[in-house]
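The values are calculated or read from the model by the stated rules, or taken from the named source; none is laboratory data. None of the values given here were measured: they were computed from a predicted structure. Counting neighbours? That spans all protein chains shown, and the Cβs are built from the backbone with ideal geometry, glycine included.
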Amino acid sequence: MFSKDTYMQRRAELKAKVGSGVLLFIGNDEQGLNYEDNTFRYRQDSTFLYYFGLSFAGLSAIIDIDEDKTIIFGDELTIDSIVWMGTQPTLHEKAEAVGVADTRPSAEIASYIAKVAEQGRTLHYLPPYRAEHKLKLMDWTGVLPARQEGSVPFIKAVVSQRNIKSPEEIAEIEKACNVTADMHITAMKVLRPGMYEYEVVAEMNRVAEMNNCELSFATIATVNGQTLHNHYHGNLVGPEDLFLIDAGAELPSGYCGDMSSTIPAGKKFTPRQREIYLIQNAMHLAAVKALQPGIPYMDVYDLSARVMVDGLKQLGLMKGDTEAAVREGAHALFYPHGLGHLMGLDVHDMENLGEVWVGYGGKPKSTQFGRKSQRLAVPLQPGFTLTVEPGIYFIPELIDLWQSQNRFTDFINYDKVLEYRDFGGIRNEENYLITDNGARRLGKKIPLTPEEVESLR
């Protein structure tokens, strides 16, 4: 948690941006894993954290711009709760720590919202992403879940604030990135043929927990790197396998790291693995070099795709005009996801607010396969924190489908591609801060080039 002044300043800026009405913040509740009292790890809503800093279940808040009121709604612990959970600060004490003097029982928020409606004033809320949020909104406002779209002025105001990270936020992200880097470096050192994927995951989890961190998302650690989000960890690692990891640490403050690496199970990459890996490296380095204020991140994505096409053409996997191949979407057979995304309190920062607002400035997204998965397209600004994670994949089902449809035969040599059908996938990911004149890496460096990776094997 930051200082009281930080949260007060954030709320004051938000009020000025929205201008009028009532802003509703719905905090997260505990959620039962397999029964009510056996809960999932608690995680507070990130926007609630940003403006109120309190990581406690059962809270909601209102900023009444018109009447200049800020209220936190919640309930004091009962004696039963204290017996089971121990002594904690009172709700009033928690609220005072973040500059809020007005606290009220949680049941009173319904009448407050009803009064706002009676007065004909605007109630602003963000798009709900949890069932409990949708049910509360329906109870408080009468709006059915299917119509709870969120307030665009509220969304845009939050995005404009959270997009630009303050120095104290950057310091937290950097801490998370350092732990994340250590998780990956540890995996590179311990991975051996004959291990199960979950054994590598266990070592990475140990690093996170020894640094008082949680995981920022479900770890990907797999010999089947062609599956983009593979959360299964039960495979035995073979001597010729490539092992793809996408994992990150989350600090108690909620700030995240997010990195990827690809490791040969043996001591060195095979010649075929090395050829593809070097192309992916070239994509990555070209993208990093291009990072600067003002450049649309979609342009950086296109650059990384062109580098890949040129590299695959040299191996005989692709052919034809590079620009046309990327423009028409032929590259997506090998590169079906985007280049990266914003990061901060969320590993995909503010994704619950909608990519069209967070990554596209309100402009429509592409519907083209591959390109539609690019989460960030707007011009980069100083203070943005983001990921760079190009990849190359050989997905058997996708190869078979496109070949059967004779798709992009002017650009793809399917006979050659079939030789790589069992290759898997490669992805490397780093985190960057956009500065006034370029970009800088966040956190310690993880091995990237083949030589750097092999030096740890």
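Name the residues in the range 437-457 that are part of a loop (DSSP other than H, G, I, E, B), among the basic types (Lys, Arg) and either in contact with a Cys (Cβ under 9 Å, 6 or more places away or on another chain) or over 17 Å from Met259 (Cα atoms) (or both), would you?
Lys444, Arg457
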Just to be sure I understand, how many residues within the range 242-301 are under 22 Å from Val223 (Cβ atoms), among the β-branched types (Val, Ile, Thr) and buried (at least 17 other Cβ atoms within 10 Å of the Cβ)? 5
Just to be sure before I move on: is Gly316 part of a loop (DSSP other than H, G, I, E, B), in contact with a Leu (Cβ under 7 Å, 6 or more places away or on another chain), at pLDDT 95 or above and assigned by TED's automatic domain parsing to the domain that holds Ala176 in the structure I sent? no
Only one residue in Ala97, Ala181 is farther than 24 Å from Glu30 by Cα, of a type in the set (Gly, Ala, Ser) and out of contact with any Ser or Thr (no Cβ under 7 Å at 6 or more places or on another chain). Which one? Ala181
Which residue out of Glu149, Glu76, Glu108 is touching a residue at least 12 places away in the same chain (Cβ under 8 Å) and touching a Phe, Trp or Tyr at 6+ places or on another chain (Cβ under 7 Å)? Glu108
Against the definition (closer than 30 Å to Ala221 by Cα and basic (Lys, Arg)), how does Arg440 come out, yes or no? yes
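Here's the yes/no breakdown for (1) in contact (Cβ under 8 Å) with a residue 24 or more places away in the chain; (2) among the aliphatic types (A, V, I, L, M); (3) surrounded by 19 or more Cβ atoms within 10 Å (Cβ to Cβ):
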residue	(1), (2), (3)
Asn28	yes, no, yes
Asn34	no, no, no
Leu59	yes, yes, yes
Thr70	yes, no, yes
Ile82	no, yes, no
Gln88	no, no, no
Ala117	yes, yes, no
Return the residues of the range 57-76 that are out of contact with any Asp or Glu (no Cβ under 8 Å at 6 or more places or on another chain) and closer than 20 Å to Leu135 by Cβ; say none if nothing qualifies. Leu59, Ser60, Ala61, Ile62, Gly74, Asp75
Among the residues of the range 201-222, are any in contact (Cβ under 8 Å) with a residue 12 or more places away in the chain, farther than 26 Å from Leu251 by Cβ and either exposed (fewer than 14 other Cβ atoms within 10 Å of the Cβ) or in contact with a strand residue (DSSP E or B) (Cβ under 6 Å, 6 or more places away or on another chain) (or both)? no
So, in the range 235-259, exactly how many residues are out of contact with any helix residue (DSSP H, G or I) (no Cβ under 8 Å at 6 or more places or on another chain) and among the small types (Gly, Ala, Ser)? 1
Hey, Ala249 hits all of (1) among the aliphatic types (A, V, I, L, M); (2) over 16 Å from the mean Cα position of the chain (by Cα); (3) more than 27 Å from Leu333 (Cα to Cα) but one; which does it fall short on? (2)
Against the condition charged (D, E, K, R), at negative phi and either in contact with a strand residue (DSSP E or B) (Cβ under 7 Å, 6 or more places away or on another chain) or exposed (fewer than 13 other Cβ atoms within 10 Å of the Cβ) (or both), how does Glu76 come out, does it pass? yes
Quick one: which of Thr387, Thr367, Thr322 is crowded, with 23+ Cβ neighbours inside 10 Å, of a type in the set (Ser, Thr, Tyr) and either out of contact with any Cys (no Cβ under 7 Å at 6 or more places or on another chain) or at pLDDT below 95 (or both)? Thr387
Single residue of the range 28-71 satisfying the filter (part of a helix (DSSP H, G or I) and not aliphatic (A, V, I, L, M)) that is nearest to Asp346 (Cα to Cα): Ser46
Of all the residues that make up the range 384-404, how many are in a strand (DSSP E or B) and farther than 19 Å from Arg272 by Cα? 4
Restricting the range 90-115 to residues that are modelled with pLDDT of 95 or more and among the polar types (S, T, N, Q), the one surrounded by the fewest Cβ atoms within 10 Å (Cβ to Cβ) turns out to be Ser111
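Listed residues Leu59, Leu49, Leu54; which is out of contact with any Phe, Trp or Tyr (no Cβ under 9 Å at 6 or more places or on another chain) and under 30 Å from Glu172 (Cβ atoms)?
Exactly one of Leu59, Leu49, Leu54 is out of contact with any Phe, Trp or Tyr (no Cβ under 9 Å at 6 or more places or on another chain) and under 30 Å from Glu172 (Cβ atoms), namely Leu49.
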For the range 327-360, how many residues meet the condition of being over 18 Å from the mean Cα position of the chain (by Cα) and in a loop (DSSP other than H, G, I, E, B)? 3
I need every pair where a residue in the range 123-144 that is farther than 14 Å from Asn28 by Cβ and surrounded by fewer than 18 Cβ atoms within 10 Å (Cβ to Cβ) has its Cβ under 9 Å from the Cβ of a residue that is among the basic types (Lys, Arg) and at pLDDT 95 or above, sequence separation at least 6 or different chains. Leu144/Lys134
